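So that we are looking at the same thing, I have put the structure below in structure tokens.
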Amino acid sequence: MIQWVQRLRIAFGTSFLWLVCLIYFTQGFRSFVWTAVSYQLKDRLKLSPSASQLVSSIAFFPWSIKPLYGILSDCIPIRGRKRVPYLVIATVLSLLPWLILGQVSSLRSSQMPLMVILTVQNLGSAMADVVVDAMIAEAVRVERSSFAGDLQSLSWMAMALGGTCGSLLGGYALSNLQIETIFLLFSILPAIQLFSCGWVNEDSIRGKDLHESHEENGNNTASDADNFAVEKSKTSTSRRKKIQKNSNKRSDITSKFQVPEKGLLVSQWFQSLRTATYSLLRAFRQPIILRPMTWFLLAHVTVPNLSTIMFYYQTEFLNLEASFLGTTRVVGWLGLMLGTFVYNRYLKKMKLRKILMWAHVGLSVLGVLDMVLVSRTNAALGVSDKVMVLCGSALSDAVNQFKFMPFLILSGQLCPPGIEGTLFALFMSINNFGSTLGSFVGAGLASVLNISSGSFDNLLLGVGIQVICTFIPIAFLFLIPKEATGISA
């Protein structure tokens, strides 16, 4: 393990590896603070389950427009750099909201300001996620391409570690600290991230172009210098003209890479943005890409997301403490890693259609377990609520990973050369946007059934509807390529 990390450090540099691991660790550690946000919405703002889920869904919307950040950083450099300046901006947007919420009680105690601030925070986190992915792609593009899988594995390990630590510490913090203190404590990580951005060097685009131009003309320049030294005693008029000509040529090359006028620069940016957007839309309109992405969107939209309603039920009706709910999230991370292992070990050669079908069957079974919990059948059978919640959390994350792995595989297989990063960001945005719409549908279902804080009489019916809806995406599996597996499409 130590030797593996050492090889990565030699290949990519300590500062780059540190920044990548820190960003992914922070993404996983977000469970530490977002558990506190859930309690803030429920206990301080006294929002109903549907209203709380609506606020959370809107706050997470920036994760649904990730391609926009990728296109901006690709096409509009800031002071000649495409990554680090955007990463600094993203980190500031991630940091300031937690400092504001930790210091200003009126903003964290009002629904609309809180929702706006949380949306800005997610904007920063989503942008940082896109930029660091682009930095990883660029780092492994040429001579270090053999380390691509290693670098991605290190990133996932850092995120899993962050998720585990955040879930464990989040429950403990809620039991012993004020929510505003938790907001301030979490701000330490983006503050360290902001400081770490200064350690990573990024070559200027103009500097790289100028360097390449000097390399192309380096031989001629050296030859001119040698000839001049040998023949300086008999320099003729024609020789002086030649030297002057070469000098003017080099001046032209240098001036070629000077900063263009503002109007021309804006025009170039606009043209670059238009070309990138057109290429992205043209690739996405291809049926081989559009059809499977439509399925993954439908798989989210057609199944109501009742996670926030179940959170209210577990805390208010079952009286499960925050520290225990943090433990369930740790179990969920373990289930996610278990699902990844099982998929890579046993399911790679299975048809993706079959995997997705059985994943939805598994999700429906877990929905039935929720019905057992809500109906209190488990209590009649002598099974504790905590055992039901722990098992449900672990199994649901494992099964969802069986569904997410085919999504990642298809996304990687369908991306055409040249726009892999931006198109993959679009695929992830579709997945995130589908989750957001599923949350809206769940909030609407809770509102229609009059499920509210302290009133869970119709929750069993809501979970039953969710179980039935889980089978709907199976009817649309014809959108997934028939022969696609985890190895080839």
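The values are calculated or read from the model by the stated rules, or taken from the named source; none is laboratory data. Bear in mind the structure is a predicted one, so any value in this text is a computation, not a measurement. Counting neighbours? That spans all protein chains shown, and the Cβs are built from the backbone with ideal geometry, glycine included. The protein model used for the area step is the full one, side chains on, heavy atoms only, and it has no ligands, DNA or RNA in it. Shrake-Rupley method; radii C 1.70, N 1.55, O 1.52, S 1.80 Å.
For residue 295, indicate whether it is closer than 26 Å to residue 477 by Cβ and touching a residue at least 12 places away in the same chain (Cβ under 8 Å).
Yes.
When you look at residue 108, is it crowded, with 18+ Cβ neighbours inside 10 Å and within 27 Å of residue 8 (Cβ to Cβ), yes or no?
no
For the structure I just gave you, tell me whether residue 332 is under 22 Å from residue 303 (Cα atoms) and open to solvent by less than 30 Å² (accessible area, probe 1.4 Å).
yes
Open to solvent by less than 20 Å² (accessible area, probe 1.4 Å), touching a Lys or Arg at 6+ places or on another chain (Cβ under 7 Å), modelled with pLDDT of 90 or more and not polar (S, T, N, Q), is that true of residue 477?
It is true that residue 477 is open to solvent by less than 20 Å² (accessible area, probe 1.4 Å), touching a Lys or Arg at 6+ places or on another chain (Cβ under 7 Å), modelled with pLDDT of 90 or more and not polar (S, T, N, Q).
Let me ask something else about it. Quick one: count up the residues across the stretch 445-474 that are open to solvent by 50 Å² or more (accessible area, probe 1.4 Å) and not polar (S, T, N, Q).
9
Testing residue 385 on (1) open to solvent by 60 Å² or more (accessible area, probe 1.4 Å); (2) at pLDDT 90 or above; (3) acidic (Asp, Glu), one condition comes back false. Which one is that?
(1)
Moving on. With respect to residue 11, determine if the residue is of a type outside the set (Lys, Arg) and open to solvent by less than 20 Å² (accessible area, probe 1.4 Å).
no
Pairs only if they're at least six apart or on different chains, beta carbon under 7 angstrom, first in the stretch 1-25 and within 21 Å of residue 160 (Cβ to Cβ), second outside any helix (DSSP H, G or I) and open to solvent by less than 40 Å² (accessible area, probe 1.4 Å); list them, first residue then second.
As it stands, the answer is 16/200; 19/200, since those pairs meet every condition given.
For the stretch 169-190, which positions are over 21 Å from residue 43 (Cα atoms) and not hydroxyl-bearing (Ser, Thr, Tyr)?
Result: 188, 189, 190.
What about residue 349, is it surrounded by fewer than 20 Cβ atoms within 10 Å (Cβ to Cβ) and either at pLDDT 80 or above or in a helix (DSSP H, G or I) (or both)?
So residue 349 does not fit the description; no.
Are any of the residues in the stretch 182-205 surrounded by fewer than 14 Cβ atoms within 10 Å (Cβ to Cβ), in contact with a His (Cβ under 9 Å, 6 or more places away or on another chain), modelled with pLDDT under 90 and not hydrophobic (A, V, I, L, M, F, W, C)?
There is at least one residue in the stretch 182-205 that is surrounded by fewer than 14 Cβ atoms within 10 Å (Cβ to Cβ), in contact with a His (Cβ under 9 Å, 6 or more places away or on another chain), modelled with pLDDT under 90 and not hydrophobic (A, V, I, L, M, F, W, C).
Residues in the stretch 268-316 that are open to solvent by 50 Å² or more (accessible area, probe 1.4 Å) and more than 22 Å from the chain's Cα centre (by Cα): how many?
14
Please find, among 369, 373, 395, 408, the residue that is open to solvent by less than 60 Å² (accessible area, probe 1.4 Å), on the phi < 0 side of the Ramachandran plot and under 31 Å from the mean Cα position of the chain (by Cα).
408
Which residue is nearest to residue 132 (Cα to Cα), if the candidates are limited to the stretch 75-112 and must be of a type in the set (Lys, Arg) and within 19 Å of the chain's Cα centre (by Cα)?
This residue is 83.
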